[in-house]
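What follows is a single structure, written as structure tokens, with notes after it.
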Amino acid sequence: MKQIEAIEKIIKAKKAPAFQVGNTLKVYLKVKEGEKTRTQLFEGVCIRKRGQGINASFTVLKESHGDKVEKTFPLYSPSIEKVTVSKKKTAKRAKLYHLKNPKTKVK
């Protein structure tokens, strides 16, 4: 059990970004294509945060060309280069799943 706690301390030494549900995030990902690596940007609204410690994760929802794309990232993933907050908003709910479904209009 002590080995697991030691690994958790090493991973938690990487500083996690401070953000809340409802904020617009820019997630910079390391993408490896063949021998080259590049940084890819994924920008959207954080709709969920869950877990504690090294098991923590967050979900980002973005709209791309009329389609909604949702990605879940582990908070302490080595493939995440950095996470920045571009817009801060306060959410009245802990999970913003209602943003996934478009509102239907009644005629």
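We did not get these values from a lab; they are worked out from the coordinates using the rules stated. Since the model is a prediction, treat every value here as computed from it, not as a measurement. Cβ coordinates were reconstructed from backbone atoms using ideal geometry, including for glycine residues, and neighbour counts include every protein chain displayed.
For a footprinting-style exposure proxy, rank Lys89, Lys62 by other Cβ within 10 Å, fewest first. Working shown, then result.
Numbers: Lys89 12, Lys62 16.
Ascending number of Cβ neighbours within 10 Å: Lys89, Lys62.
Rg and Dmax of region 30-84, based on Cα coordinates, read 12.6, 35 Å. Candidates Met1, Gln20, Thr72 compared by Cα position along the dipole of the chain: farthest toward the positive end lies Gln20, with charges placed on Cβ. Of the peptides 20-31, 90-101, the order by per-residue mean of other Cβ atoms within 10 Å, starting with the highest, comes out as 20-31, 90-101. Quick check: pseudo-label points 7 Å beyond the Cα along Cα→Cβ at Val85 and Lys30, how many nm apart are they? Placing both labels 7 Å beyond Cα along the Cβ direction yields 2.6 nm. Residues in region 89-94 carry Karplus couplings, in order, of 9, 9, 9, 8, 10, 7 Hz; the curve used is 6.51 cos²θ - 1.76 cosθ + 1.60 with θ = phi - 60°, and Gly or Pro positions show x. Every pair of different Cα atoms in the chain enters the Kirkwood calculation, which places the hydrodynamic radius at 15.5 Å.
Once you've got the Cα coordinates, tell me which of Lys32/Lys100; Lys30/Lys100; Lys49/Lys95; Lys30/Lys68; Lys14/Lys71; Lys32/Lys62 are over 19 Å apart.
Details: Lys32/Lys100 29 Å; Lys30/Lys100 26 Å; Lys49/Lys95 8 Å; Lys30/Lys68 22 Å; Lys14/Lys71 22 Å; Lys32/Lys62 22 Å.
The answer is Lys32/Lys100; Lys30/Lys100; Lys30/Lys68; Lys14/Lys71; Lys32/Lys62.
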